[in-house]
Amino acid sequence: MVTGRSLGIAATAALLACRASPPGRAPGGIELVDDRGAITRLERPATRVVSLIPAATELVFAIGAGDALVGRTRWCDYPAEARQVPSVGDGIGPNVEAVVAARPDLVLMYSSPSNVAATSTLRGLGVPVLELVIDRYADFRRGLRLVATAVGREAAGDSVARATETAVAEASVVEATRPTVLIVAWTDPPMTIGGASFLDEILDRAGARNLFADVDRPSFPVSLEAVAARNPDWVLVVDDLNPEFVDSPSWQAIAAVRERRFVRVSGSMFNRPSPRMGQAITTLRAALRRGDR
């Protein structure tokens, strides 16, 4: 059965087909290998980009190509100009019809099993897609290079990469004694951040140690008994989360909670690798030194 949704996509596909870059196109184009190993070929630098990754959106603006963005996710909040770009919804399991309606010549897609169907549909319609993973500091320069090349801003990409690496190096500290910090990602059920996360890296560079750095996962549920057994020096609360657990009887088993040893930071710079990483490290280091008893 043909639905209204499939008709909408099919109609837009006809518009895209005339300019989509087929595989193995002539010399002079751009060939990119994304983070899933797929080859994306562009006839020329992209001028209509839909970014479904907040980190990639930030990179596009950082290299001076913000005017090429014609679509973003509702989570793309930085810089302020990003909010002026039309939202196409979520980046995980995106609304393909909304993406296609933006008439992109490139889509920046988060590489996730949840996005396989959307990526396949877009490529089937002739829309070039770059699947990216920008979760850790090590991903930053690779992602930046791919994005910069795709929009024809390689020199700007190199400049941003050098400036960011310098800022990170200058902000990072090595402390002989590092306090342990519980990172509260969610309170009900309790969830924390593990060693396979960007925030773990930022915390380490700020001179502290993630209480669960030995767990090689981005985030995971944790029992309060396990937290109490490790006895963190501080509790880090990110993104203005109201620490409702402060007065919860079950959380009183954790000394840092009972004694109100909290460190609070906010802002998307703590959520993803970006050119603001140096600022994030400096801000977190100051928060750790200041504390909040």
- Message: Quick check on segment 136-172: of everything there that is over 18 Å from the mean Cα position of the chain (by Cα) and of a type in the set (S, T, N, Q), which residue is surrounded by the fewest Cβ atoms within 10 Å (Cβ to Cβ)?
- Response: THR166
- Across segment 88-110, what is the number of residues that are assigned to a strand (DSSP E or B) and more than 16 Å from the chain's Cα centre (by Cα)? 1
- Would you please name the residue that is surrounded by the most Cβ atoms within 10 Å (Cβ to Cβ), looking only at residues in segment 112-133 that are under 16 Å from the mean Cα position of the chain (by Cα) and hydrophobic (A, V, I, L, M, F, W, C)? LEU130
- Query: Would you pick out the residues in segment 260-293 that are buried (at least 16 other Cβ atoms within 10 Å of the Cβ), over 23 Å from the mean Cα position of the chain (by Cα) and among the hydrophobic types (A, V, I, L, M, F, W, C)?
  - Reply: PHE262, LEU288
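The rows are residues; the columns are (1) under 30 Å from ARG290 (Cβ atoms); (2) of a type outside the set (A, V, I, L, M, F, W, C); (3) not assigned by TED's automatic domain parsing to the domain that holds PRO273.
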| residue | (1), (2), (3) |
| --- | --- |
| ASP135 | yes, yes, yes |
| SER159 | no, yes, yes |
| VAL184 | yes, no, no |
| ALA196 | yes, no, no |
| ASP200 | yes, yes, no |
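Okay, residues lined up against (1) small (Gly, Ala, Ser); (2) under 26 Å from ILE281 (Cα atoms); (3) without any contact (Cβ under 8 Å) to a residue 24 or more places away in the chain; (4) surrounded by 13 or more Cβ atoms within 10 Å (Cβ to Cβ):
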| position | (1), (2), (3), (4) |
| --- | --- |
| LEU211 | no, yes, no, yes |
| ASP216 | no, yes, yes, no |
| PRO221 | no, yes, no, no |
| GLU225 | no, no, no, no |
| ALA229 | yes, no, yes, no |
| ASP233 | no, yes, no, yes |
| VAL237 | no, yes, no, yes |
| ASP247 | no, no, yes, no |
- Any residue in segment 99-128 that's without any contact (Cβ under 8 Å) to a residue 40 or more places away in the chain and closer than 18 Å to GLY89 by Cβ: show its pairings with residues that are aliphatic (A, V, I, L, M) and part of a helix (DSSP H, G or I) at Cβ separation under 9 Å, as long as the two are six or more apart or on different chains. ALA117/VAL96; ALA118/VAL96; ALA118/VAL99; LEU122/VAL96; LEU122/VAL99; LEU122/VAL100
- Among the residues of segment 173-198, count how many are buried (at least 23 other Cβ atoms within 10 Å of the Cβ) and aliphatic (A, V, I, L, M). 4
- Enumerated strands (runs of 3 or more DSSP E) restricted to segment 111-194, each holding at least 2 residues that are under 22 Å from LEU69 (Cα atoms): 129-132
- Message: Take the conditions without any contact (Cβ under 8 Å) to a residue 40 or more places away in the chain and closer than 30 Å to VAL147 by Cα and apply them to ILE202. Does it pass?
- Response: no
- Mind checking which residues of segment 56-84 are within 12 Å of the chain's Cα centre (by Cα) and more than 19 Å from ARG153 (Cα to Cα)? THR73, TRP75, CYS76, ASP77, TYR78
- When VAL257 is evaluated against the numbered criteria (1) touching a residue at least 24 places away in the same chain (Cβ under 8 Å); (2) crowded, with 20+ Cβ neighbours inside 10 Å, which criterion, by number, is the only one it fails? (1)
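The values are calculated or read from the model by the stated rules, or taken from the named source; none is laboratory data. If you're wondering where the values come from, they're calculated on a predicted model, not measured in any experiment. FYI the Cβ positions are ideal-geometry reconstructions off the backbone, even for glycines, and counts take in every protein chain you see.
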